[in-house]
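What follows is a set of notes on a single structure, which appears directly below.
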Amino acid sequence: MESGLTELEAALGHRFSRPELLVCALTHRSLAHELAQSEVSVQAAGSARAAGEIQAAGNTQAAAREDNERLEYLGDAVLGLVVAEALYAEHPEWREGALTRIRSMLVSRQRMAQVAETIGLGKHLRLSRGEERSGLRRKSTVLSNTMEAVMGALYLDGGLEPVRAFVRSQVMGEAAERLARELRSGAALGNYKSALQERLQAGRAGAPVYRLKSESGPDHHKRFLVEVRVNGVAGERGKPLARGMGRTKKLAEQDAARRALEQLESAGANAGGALAHDAENDTEIEETPAS
């Protein structure tokens with residue numbers, strides 16, 4: 001086990017002064033329960049030899065009898081703080097909305113599972129015999145939870161600095177820039193409406209307003225046509241951006257927002273600039289299948 005811990009410490013970039021913290025971070029509740037039950041059985045049987053073997057394992061074995069869920073709670077909070085701090089310092093041009101959404105994606109379960117796979121965390125997990133056979137070691141939820149627990153162990157052992165170093169090397173970098181590009185295009189989470197609103201606000205052009213223009217088709221196969229405009233001043237309709245179509249009003253609004261973003265990109269203008277396309281004349285729309 002010592003060689004395994006050393007290998008993981010190298011991947012984490014930190015040598016633990018209290019290795020029992022790392023052991024605890026790697027211990028799934030199934031193993032903690034199994035060990036506790038085993039100890040109860042030994043005590044009930046009155047086996048002095050077996051009880052002595054458990055006692056001889058020392059602090060590492062004691063830590064293994066505690067699962068990693070408390071460390072996971074702490075690590076989640078520490079990770080969110082460190083990522084928020086890094087984004088704030090490295091990207092002064094990003095507004096609150098972009099910072100919040102990119103932080104959420106960087107600390108998401110999906111992202112944490114990816115980081116865990118990158119450093120080979122799965123092979124170090126401590127699982128019960130039953131869960132080992134079930135393939136739990138490869139499940140993304142378990143990997144992400146364990147990664148958060150390891151962040152908690154890093155913080156308790158060395159403070160924020162080892163967490164910051166790990167976040168810079170494994171969590172941030174190109175991932176943050178890629179997510180920012182996806183956010184600007186609306187591809188992140190498929191939320192084109194939020195992406196359009198943030199782009200308009202960044203260009204001080206106002207807020208998008210969606211209006212239903214028409215609906216067609218039978219009740220079981222409706223098609224909605226929606227127009228998105230920049231919110232105008234009192235008494236004015238506002239500048240048209242694009243129109244979209246979908247099976248529901250919400251899908252049509254997302255489609256309109258996506259088309260507006262594409263127009264802004266192709267025009268090479270900011271949200272307040274001229275568009276190369278006038279939504280007033282956009283009456284023929286080829287419907288894109290919506291999920």
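The values are calculated or read from the model by the stated rules, or taken from the named source; none is laboratory data. All of these numbers come straight from a predicted model, not from anything done at the bench. Cβ placement follows ideal geometry from the backbone for every residue including glycine, while neighbour counts extend to all protein chains displayed.
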Residues satisfying the stated conditions in the range 72-108, i.e. closer than 14 Å to VAL163 by Cα and among the aliphatic types (A, V, I, L, M): LEU74, ALA77, VAL78, LEU79, LEU81, VAL82, VAL83, ALA84, ALA86, VAL107
Conditions (1) under 19 Å from ARG178 (Cβ atoms); (2) buried (at least 18 other Cβ atoms within 10 Å of the Cβ); (3) modelled with pLDDT of 90 or more -> ALA149 fails only (1)
On the phi > 0 side of the Ramachandran plot and at pLDDT 60 or above: which single residue out of GLY97, GLY120 fits that description? GLY120
Would a scan of the range 59-71 turn up a residue that is modelled with pLDDT of 85 or more, within 23 Å of the chain's Cα centre (by Cα), within 20 Å of GLU161 (Cα to Cα) and not polar (S, T, N, Q)? yes
Search the range 148-166 for residues that are closer than 16 Å to LEU5 by Cβ and in the same structural domain as LEU21 (by TED's automatic domain parsing) and pair each with any residue that is among the basic types (Lys, Arg) and not in a loop (DSSP other than H, G, I, E, B) when their beta-carbon atoms are under 9 Å apart and the residues are at least 6 apart or on different chains. ALA149/ARG70
Got a number for residues in the range 92-117 being of a type in the set (Ser, Thr, Tyr) and in a helix (DSSP H, G or I)? 2
